[in-house]
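What follows is a single structure, written as structure tokens, with notes after it.
The values are calculated or read from the model by the stated rules, or taken from the named source; none is laboratory data. Computed from a predicted model, the values in this text were never measured in an experiment. For neighbour counting, all protein chains shown are included, and Cβ atoms are generated from backbone atoms with ideal geometry for every residue, glycine included. These accessible areas exclude ligands, DNA and RNA; they are computed on the full protein's heavy atoms, side chains included. Shrake-Rupley method; radii C 1.70, N 1.55, O 1.52, S 1.80 Å.
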Amino acid sequence: MPEEKNISILVVEDDDAVRELICEILNEDGHHVEAAGNGRKGLELFTSKNFDMVFTDLIMPEMSGWQLAEEIKNISSTTPVALITAWTLNMEVAELRSKGIDFIVFKPFRDEQLQKLVQDSMAIKEKYASTAS
């Protein structure tokens, strides 16, 4: 599968340094990236624009990553959501998916992890689209 570029990605992270790092990595890889500093602003951006995937922090003010993921999946069930966290999560894949999470990225992360995750997300989005039709 050829590597896809110009994917539209929403990054929702309350830590300025982490948010900027994620955006920089994804921008350098050729993607269109927009960012929000909390879940409410992220949800506002998501509802006003079209994003191919979302990265969200777990613990944020105003709306957690869990809540944001559920809201996003209610709006667009085919949009992949990646949860970024430093917390250890002991959850099964099915339980994560039931909460709207398709992938988990543990902090600290490497550039290559984010890049591969974008590719994997687009494969999942295609799978969602093919099962919906």
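Restricting the first residue to the range 8-26 and requiring it to be part of a loop (DSSP other than H, G, I, E, B) and of a type outside the set (Lys, Arg), which pairs with a second residue that is open to solvent by less than 20 Å² (accessible area, probe 1.4 Å) and at pLDDT 95 or above meet a Cβ separation below 7 Å and a spacing of at least six or different chains?
Short answer, once both residue conditions are applied: Glu13/Ile22; Asp14/Asn38.
May I ask you to verify whether Ser98 is more than 23 Å from Leu21 (Cβ to Cβ), modelled with pLDDT of 90 or more and either open to solvent by less than 10 Å² (accessible area, probe 1.4 Å) or not aromatic (Phe, Trp, Tyr) (or both)?
no
Count, please, the residues in the range 34-79 that happen to be buried (at least 19 other Cβ atoms within 10 Å of the Cβ) and of a type in the set (Val, Ile, Thr).
Count: 4.
Give the residue that is nearest to Asp29 (Cα to Cα), with candidates limited to residues of the range 117-133 that are of a type outside the set (A, V, I, L, M, F, W, C) and surrounded by 12 or more Cβ atoms within 10 Å (Cβ to Cβ).
Gln119
Which number in (1) more than 18 Å from Leu21 (Cβ to Cβ); (2) outside any loop (DSSP other than H, G, I, E, B); (3) open to solvent by less than 70 Å² (accessible area, probe 1.4 Å); (4) modelled with pLDDT of 80 or more marks the one condition that Val105 misses?
Condition (1) is where Val105 drops out.
Give the range 80-89 a look and list any residue that's assigned to a loop (DSSP other than H, G, I, E, B) and surrounded by fewer than 18 Cβ atoms within 10 Å (Cβ to Cβ), or say none.
Ala86, Trp87, Thr88, Leu89
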